[in-house]
Amino acid sequence: MWSSSAEDQYVEYLKPQDHGNHDDVRWASLTDGGGAGLLVSGDLEAGATAYDELDRAAYPHFLKRNDGWNTLHADHAVTGVGDTPNPVRDQYRVKADRAYDYTLTLRPLTGGAGAHTGTGEK
């Protein structure tokens, strides 16, 4: 099991973009300090961030933190980070002309004993 805070997932790229994605995850949770939150499971990629609308900020100093919450990203596939002169390799690109079928299960966590935090990476 792997665990971290949403704040520790942030990567300060020159141009803000997706960060903190974890690949090949069986489950992930986003919880408050007491274990209450959300559990998502399936064959997924997951990440958490304290920022939304990363693509709208031209530079890191334009980012605005969420007001008291974090965002959990749960996806079936995510195109890798890259740009010229190092483009994303073709096998790591999500193709727009291809159908993807997957199932994610969402479950609320109420906290207390047995609450999960972090990700269950394979």
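The values are calculated or read from the model by the stated rules, or taken from the named source; none is laboratory data. In this text the structure is predicted, and so the values were computed from the model without any measurement. Don't worry about glycine lacking a Cβ; one is built from the backbone with ideal geometry, like all the others, and counts go over all protein chains shown. The area values use the complete protein model at the heavy-atom level, side chains included, leaving out ligands, DNA and RNA. Shrake-Rupley method; radii C 1.70, N 1.55, O 1.52, S 1.80 Å.
Brief remarks follow.
- Carbon/sulfur fraction of accessible area - the chain, other protein chains in place, 1.4 Å, %: 49 percent
- For the chain, the dipole from Cβ point charges (+1 on Lys and Arg, -1 on Asp and Glu) about the Cα centre works out to 80 debye, to the nearest 20.
- Average accessible area per residue (Å²) across the chain - probe 1.4 Å, nucleic acids and ligands excluded: 68 Å²
- The calculated FRET efficiency for the pair D67 and H19, based on their C-beta separation and a Förster distance of 22 Å, comes to about 0.65.
- Globularity index of region 1-100 is 1.15 (Cα radius of gyration / 2.2 N^0.38 Å, N = number of residues).
- Here the label points at A96 and R26, each 7 Å from Cα along the C-beta direction, are separated by 3.6 nm in the simple model.
- Extended-chain gain in nm, criterion 0.36 nm per residue less alpha-carbon gap, Y59 and W2: 17.6 nm
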